[in-house]
1. Taking 0.36 nm per residue of separation and subtracting the Cα-Cα distance, what length does fully extending K365 through V100 add?
2. Using 1/(1 + (r/R0)^6) with R0 = 41 angstrom and r between the beta carbons of Q166 and M116, what's the FRET efficiency to the nearest 0.05?
3. Check each of the chymotrypsin sites (Phe, Trp or Tyr not before Pro) in segment 298-395 and keep only those in coil by DSSP with at most 12 other C-beta atoms within 10 angstrom; list them in order.
4. Let me know the charge dipole size of segment 329-395 about its Cα centre in debye, to the nearest 20, where only the beta-carbon of Lys, Arg (+1) and Asp, Glu (-1) is charged.
5. With angles folded into 0 to 90 degrees, how steeply does helix 194-203 sit against the dominant principal axis of the chain? Use alpha carbons for both and round to 10.
6. Hey, in the GNM for the chain with a 10 angstrom Cα cutoff, which one of P372, P225, P41 fluctuates hardest?
7. Dipole of the chain (Lys/Arg Cβ +1, Asp/Glu Cβ -1, origin at the Cα centre): which of G361, Y92, A324 lies farthest to the positive side?
8. E139 label point, 7 Å along Cα→Cβ, cut-off 16 Å on backbone N: hits in segment 251-272?
Amino acid sequence: MKTLITSLVILTQPWCLAQSSAPVADDSKPATTNILGQPYPRVSKDLRATVRIQAPEAAKVELDLMKKYPMTKDADGVWSATTEPLVPGFHYYSIFIDGVAVCDPACETFYGMGRMASGIEIPTAGEDFYQPKDVPQGEVRERWYHSKTTDGWRRIFVYTPPGYDQETQARYPVLYLQHGGGEDERGWPNQGHMCHIMDNLIADKKAVPMIVVMEKGYARKPGDPEVGMRPPGGGPPPDLRKMFGTLEEVFIKDLIPMIDRTYRTKADREHRAMAGLSMGGMQTFIIGLGNLDQFAWLGGFSGAGGGFGGTRFDPKTSHGGVMADAKAFNEKVRLLFLSIGTAEGERFYQSVKGYRDSLEGAGIKTAYYESPGTAHEWHTWRRSLREFAPLLFNP
């Protein structure tokens, strides 16, 4: 079978399948995630998206964007489908052509879902905190380093705040910021727009200037089996410390020492934080709470430290018992931050909220944020970073 794929476009119409390949005069606009010069994908004011792709020899085409939408073909071989209104934020999507998932050639691709995938930004009216502004700009630097733990080279991205190269005597606290399952170290710089969030917060004097390190959330030693892209679902609860044990060694033995040698950091626990989204949130609590001599500030965005479902968590015994004495823990840990999107679904919502309720019930102080109307996607986590970063490294 030979299938011709020439373009994928998103436009907006009433809730029906588009039948014409001609552009539609409506209130839709090109998505901000389009390739330069592409009029489609498009998103309407009511946040519907219509997808079109030219594949005249295909027998069946579907859009997979949070759920699957069947597509219909017009006389020119253009397949079309319109979504229902989507929740605001960034969403991965794919096109299934005769059962094979492909990327949209008209939009940017991003590493998510364990592979390169298309992505579309559904805007939120009145929010620009994650957009570039006319303020002093920091930099995101790509760096490779050799890990003795894995006996291999690892890539990280490092955000340095505005003025880092000019103020050569200044030293900075460090936030280690982790991505989610099926993503990698590119997630926060690309999908998350963390550099713009940090630049804007620092310019508004809402956050102190800090270095932000973004590392890959997977690690294995030579001879170990391949590491899964996300924690497994179903079955008995996994041993999270064992699952993330090699990554923990990478952080403590390789990454943190290298960062402190290479950058002008304030190299002590009072000036070191860790946070992450989803799987990265679990990694934060496993690594951070297991190494409180290294971290004083912790945050989980849609990711809790109580395992899967939040029902098996006991603050008195979990995490090696570091929370057994609530007063001592509260004095040692400067911040324990949790967040969740209100549209994430019952499983995620109850996992995070249940973890937080258990902590508070045991006398552990937390900071808690709910992102209104967002799902398990990047806008929840952008908002979470916006709320979390201003709380860091304050007396």
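What follows draws every value from the coordinates through simple rules; no lab data is involved. Bear in mind that the values here come from a model prediction, so they are computed numbers and not experimental data. Positions of Cβ are backbone-derived with ideal geometry, glycine not excepted, and every protein chain shown enters the neighbour counts.
1. On the way: separation 265, 0.36 × 265 = 95.40 nm, distance 4.84 nm.
The span from K365 to V100 would gain 90.6 nm if fully extended.
2. After rounding, the FRET efficiency stands at 0.65.
3. Sites meeting the loop and neighbour criteria: none at all.
4. On the way: 9 positive and 8 negative charges, 45 e Å.
Rounded to the nearest 20 debye, it is 220 debye.
5. 60
6. P225
7. Result: A324, furthest along the dipole toward the positive end.
8. Within reach of a label on E139, which here means backbone N under 16 Å from a point 7 Å along Cα→Cβ, segment 251-272 contributes 262-265.
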